[in-house]
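Here the structure comes first, spelled out in structure tokens, and everything after it is commentary.
What follows is calculated from the coordinates using simple rules that are stated; it is not laboratory data. All of these numbers come straight from a predicted model, not from anything done at the bench. Here Cβ is always computed from backbone atoms with ideal geometry, including for glycine, and neighbour counts include all displayed protein chains.
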Amino acid sequence: FMTALNAEYAKEVDKEQKKLARLDAKRKAEGYTHRVDAWIHPAKGGSDYQLSMWMQNPTTETIQNALKKERSVILTDYRTTPL
């Protein structure tokens, strides 16, 4: 049972990674330089959620401003990936 479940999980992860790679290539062709993956922590509570944003040469300030616009109370929970 676990072998089948792990195989199914690996297949889904691979599918998501390929989808993200296609999006990265598309955004890079549009001139973006980085993907920022962030967790949004809503001020009013509720469930946190993940957000991916593509940006041109992001700085800490520009990333934190984007997180503020999403109304996240934590502005440091993100990872940048160069394209």
Exercise. Using alpha-carbon pairs under 8 Å, 6+ residues apart, how would you state the relative contact order of the chain in percent?
Worked result: 33
Seminar exercise, completed: Sequence order, segment 20-34: Karplus ³J(HN,Hα) from phi using 6.51 cos²θ - 1.76 cosθ + 1.60, θ = phi - 60°, Hz rounded, Gly and Pro as x, gives 5, 5, 5, 5, 4, 5, 5, 5, 5, 5, 7, x, 6, 10, 9
For this session: For segment 6-17, take each phi angle, set θ = phi - 60°, evaluate the Karplus expression 6.51 cos²θ - 1.76 cosθ + 1.60, and give the result in whole Hz per residue in order, putting x for glycine and proline.
Result: 5, 5, 5, 4, 4, 5, 5, 4, 4, 4, 5, 5
For this session: Please work out how much length the chain gains when fully extended from residue 80 to residue 37, using 0.36 nm per residue of separation minus the C-alpha to C-alpha distance, in nm with one decimal.
Result: 14.8 nm
Problem set entry | Amide H partners (placed H, <5 Å) of residue 34, local residues excluded | 55, 57, 83
For this session: Describe numerically, in nm with one decimal, the distance between label points set 7 Å from Cα along Cα→Cβ at residue 44 and at residue 56.
Result: 3.4
Problem set entry | Projected-area average for the chain over all orientations - Cα convex hull basis, square nanometres | 6.8
